[in-house]
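Remarks on the structure that follows.
What follows draws every value from the coordinates through simple rules; no lab data is involved. What you see is a predicted model; the values in this text were computed from it and never measured. Neighbour counts are summed over all protein chains in view; Cβ atoms, including those assigned to glycine, are modelled from backbone coordinates with ideal geometry.
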Number of protein chains: 2
Amino acid sequence: MYKDRVTTLASRSRGKTVRLFHALSDETRLRILERLREGEQCVCELTDVFKTGQSRLSFHLRVLKDAGLVTDRPEGRWIYYSLNRDALREVEDLVAWLTESPSGNMPGHRC
Amino acid sequence: MYKDRVTTLASRSRGKTVRLFHALSDETRLRILERLREGEQCVCELTDVFKTGQSRLSFHLRVLKDAGLVTDRPEGRWIYYSLNRDALREVEDLVAWLTESPSGNMPGHRC
DNA sequence: ACTACCCATCAACATACGTTGATTGATACG
DNA sequence: CGTATCAATCAACGTATGTTGATGGGTAGT
């Protein structure tokens with residue numbers, strides 16, 4: 001369990017992790033995720049709710065998708081977005097690993 | 001337990017959350033956190049390890065500190081930084097809340 | 001076919017962010 | 001004292017990011 005988490009962070013490319021956190025570091029995108037938490041939604045629903053330009057939402061949805069936090073599914077002329085809970089759990093593990101105390105000791109340092 | 005998490009995210013200002021994730025969305029800062037995970041460190045230690053300019057680290061440490069992820073403690077002419085594990089646990093809860101399925105149902109929408 | 005709708009993409013712009021090198025202040029040490 | 005060290009801050013710069021309005025491609029309905 002513990003070992004799993006170690007490798008989770010260690011083996012993961014830092015760039016991918018950075019993109020994950022970056023995707024989460026925007027108010028609009030957080031609100032989108034909160035919304036998607038309730039279930040699948042199409043873009044038109046979101047533009048309705050957020051009362052904002054469509055291209056703006058499209059932009060943010062793309063950031064979330066590139067980070068792997070959401071998935072999309074076309075149906076007719078709509079595209080439905082939904083949360084990727086696996087990615088979120090990965091974020092949880094990442095942070096959990098940081099929170100834990102390491103086993104070994106650190107080498108000293110002369111200032 | 002579940003209710004706690006709900007209020008954790010709901011009562012929290014989104015701006016603060018955004019700053020948290022933003023602080024985590026940089027490779028240098030992630031490496032600093034990984035380092036601090038092993039224990040308290042002064043800036044000179046970090047400049048040594050990362051072989052980079054002092055002002056650069058100072059900048060990133062400030063971002064981390066403003067987000068509440070680290071704390072600093074002056075001692076003599078050095079300043080020691082350490083992880084704020086409470087803040088990290090807060091991040092964990094935030095993400096956990098997003099991951100969970102909500103209880104109620106969403107209102108429908110006509111496209 | 002024609003029109004209406006949904007969405008992604010683009011170009012242009014403004015703002016935010018990270019880097020670098022220099023300066024400043026504070027502490028320690030001779 | 002004078003000098004050296006540690007670290008925060010500043011100004012200047014280039015790049016990344018988010019916003020807006022316009023365009024275009026695909027699907028549905030008439």
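Structure notes:
- Once the Cβ-Cβ distance of B:ASP66 and A:GLU75 is raised to the sixth power relative to R0 = 35 Å, the FRET efficiency obtained is 0.20.
- Taking Cα centre as origin and charging only the Cβ of basic (Lys, Arg, +1) and acidic (Asp, Glu, -1) residues, the dipole magnitude of the protein assembly as shown rounds to 500 debye.
- Scaling the Cα radius of gyration of region A:13-97 by the globular reference 2.2 N^0.38 Å produces a ratio of 1.08.
- Listed residue (A:PHE50, A:VAL63, A:TYR81) projecting farthest to the positive dipole end of region A:13-97, Cβ model: A:VAL63
- For region B:2-99, size of Cβ-based charge dipole, Lys and Arg +1, Asp and Glu -1, in debye: 320
- Against the rule of thumb 2.2 N^0.38 Å, how large the Cα Rg of region B:50-111 comes out: 1.85
- Listed residues B:ASP72, B:ASP86, B:ASP48, most fluctuating in chain B (Gaussian network, C-alpha, under 10 Å): B:ASP48
- For chain A, a Gaussian network of Cα nodes joined below 10 Å ranks A:ALA67, A:ALA87, A:ALA96 by mean-square fluctuation, and the top entry is A:ALA96.
- Spatial separation of Cα centroids for region A:62-105 and region A:17-48, in angstrom: 11
- Shielding by other protein chains, A:40-50, mean Cβ within 10 Å: 2
- When the Cα gyration tensor is reduced to axis lengths a ≥ b ≥ c, the ratio a/c is 1.5 or higher for the protein assembly as shown, and with a/b above b/c it is classed as prolate.
- Ranked by the mean number of other Cβ atoms within 10 Å per residue, highest first, peptides B:15-21, A:19-25 order as A:19-25, B:15-21.
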